[in-house]
Amino acid sequence: MSKEILILPGDGIGQEVTSSAKEVLGYLITEYSLDFNITEMDAGGTAYDKHGSPLPDNVLAKAKKSDAILFGAVGGPKWDNLGWDDRPEQALLSLRKELELFANLRPAFLFNELASASPIKNHIIENLDILIVRELTGGIYFGEPRAIVEDETPSYAFNTMIYNEDEIKRIAKVAFEAAQKRGGKLCSVEKANVLEVSKFWRSIVTDMAKYFPDVELSHQLADNTAMQLVLNPNQFDVIVSSNLFGDILSDIAATLSGSIGMLPSASINSSSQGMYEPCHGSAPDIAGMNIANPIAMIASLGMALKYSLEQKELADKIDAAIKEFISQGYRTKDISTNDEYVKTSEVAAILIGILKNG
Ligand code: IPM
Ligand code: MN
């Protein structure tokens, strides 16, 4: 059956990096006669400018019917002063919630050739390979009630950090299963020393460990994990955490590899529908300059092939081609140590060349 792919380039460098991913996808479709149907639509600030909403109804409707969404990036100073519902980020948050993309997989790994690009000493990050499993549709991001109350003195604001047992079980299951396929270790991260919701989280995760006797489960407090990620990141295999802590920890983990432009992510639901996006943002300061690194977006296409499009072998080929690209010495500007670098628009052709030879 034909698979539906929706491409949402979004804003800033989102446009450039998705266009590279499209080139690679186009090559795969022709070469392997894939039955994929591709649609491209606006999202984020670009959609707001053209259609008056960061996620127009027809885009959301199309997303709901798609197997995989390739999402570039959204946001930029141009839209910073818009009201809450019009902000570009709403496109992301609504897609996550409406499609129930509860499992956010954020790998952080190092290509050893790029160790010098990391802010951390080489011996600490060598062979770095962590998977952060972040809960994406619950917790304080979406908890009710929430409000800014300005007609009282003093004025105040509040959010609600809330998880029910089903939400914790389903994300923990994804994380335990990922650990089974990787190094067999899972670290669950919360603030059980302060928050009821975290104490509850820990008890549910602990309880689930009995179904995964082959996984070594540990628990850490989020502030300590922030420190441990920098001091000794190789103690981690899979980390599972809530929406907010996962957001923060995944930025730290991505920074370790020195090249946020290399890291993909997947957000999937229980029917394997998924949204795939690079970890980097829209980088308005370099948008349109043809210097963005499209590898994270192309690697995200790889994750889409693996998790939503039933093409695991092609996903492996993309990963291998990216490795080869790096080991052959190609560097985009963000990871180049001298003045020489390949432009955004040149990367896909080089990767396709490698794919053809592999
Ligand atoms: C991310 C981003 C988003 C988040 C923002 C843009 C809403 O930081 O995907 O990590 O906080 O989830
Ligand atoms: Mn974030």
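The values are calculated or read from the model by the stated rules, or taken from the named source; none is laboratory data. Just so it is clear, the model here is predicted, and its values are computed rather than measured. We place every Cβ from the backbone using ideal geometry, glycine too, and count neighbours over all the protein chains shown. Remember, those area values only see protein heavy atoms, side chains included, never the ligands or the DNA or RNA. Shrake-Rupley method; radii C 1.70, N 1.55, O 1.52, S 1.80 Å.
Checked against the criteria, Ser198 does not count as within 16 Å of ligand 2 (Cβ to nearest atom) and either over 22 Å from Glu100 (Cα atoms) or open to solvent by less than 50 Å² (accessible area, probe 1.4 Å) (or both).
Could you look through the range 97-144, keep only residues that are among the small types (Gly, Ala, Ser) and open to solvent by 20 Å² or more (accessible area, probe 1.4 Å), and pick out the one that is nearest to ligand 1 (Cβ to nearest atom)? Steps first, answer last, please.
We begin by selecting, within the range 97-144, every residue among the small types (Gly, Ala, Ser); these are 103, 108, 115-118, 138-139, 143.
Then keep just the ones that are open to solvent by 20 Å² or more (accessible area, probe 1.4 Å); that gives 116-117.
Numbers: Ser116: 26, Ala117: 21 Å.
Result: Ala117.
Would you mind finding the one in Gly12, Gly72, Gly44 that is within 30 Å of Pro233 (Cα to Cα), in contact (Cβ under 8 Å) with a residue 12 or more places away in the chain, of a type in the set (Gly, Ala, Ser) and open to solvent by less than 40 Å² (accessible area, probe 1.4 Å)? Don't jump to the end; show me each part of the working.
Working: Gly12 fails: within 30 Å of Pro233 (Cα to Cα); Gly44 fails: within 30 Å of Pro233 (Cα to Cα).
Result of the check over Gly12, Gly72, Gly44: Gly72.
Every condition in (1) in a helix (DSSP H, G or I); (2) at pLDDT 95 or above; (3) within 13 Å of ligand 1 (Cβ to nearest atom) is met by Lys306 except one, and the failing one is (3).
When the range 246-267 is limited to residues that are closer than 19 Å to Ile286 by Cα and crowded, with 21+ Cβ neighbours inside 10 Å, the one that is farthest from ligand 1 (Cβ to nearest atom) turns out to be Gly258. Only residues that are open to solvent by 10 Å² or more (accessible area, probe 1.4 Å) and away from ligand 1 (no atom under 12 Å from the Cβ) were counted in the range 229-245, giving 7. Residues of the range 294-329 that are closer than 18 Å to Ile352 by Cβ, open to solvent by 50 Å² or more (accessible area, probe 1.4 Å) and either in contact with a Cys (Cβ under 9 Å, 6 or more places away or on another chain) or among the acidic types (Asp, Glu) (or both): Glu313, Asp316, Asp319, Glu324.
Each residue in the range 207-231 was checked for being of a type outside the set (A, V, I, L, M, F, W, C), touching a residue at least 12 places away in the same chain (Cβ under 8 Å) and under 30 Å from Ser257 (Cα atoms), and 7 pass. Restricted to the range 272-293, and to residues that are hydrophobic (A, V, I, L, M, F, W, C), surrounded by 23 or more Cβ atoms within 10 Å (Cβ to Cβ) and modelled with pLDDT of 95 or more, which residue is farthest from ligand 2 (Cβ to nearest atom)? Across the range 272-293, the extreme among qualifying residues is Ala292. Residues that are within 16 Å of ligand 2 (Cβ to nearest atom), at pLDDT 95 or above and either among the aliphatic types (A, V, I, L, M) or under 20 Å from the mean Cα position of the chain (by Cα) (or both) occur at least once in the range 28-49.
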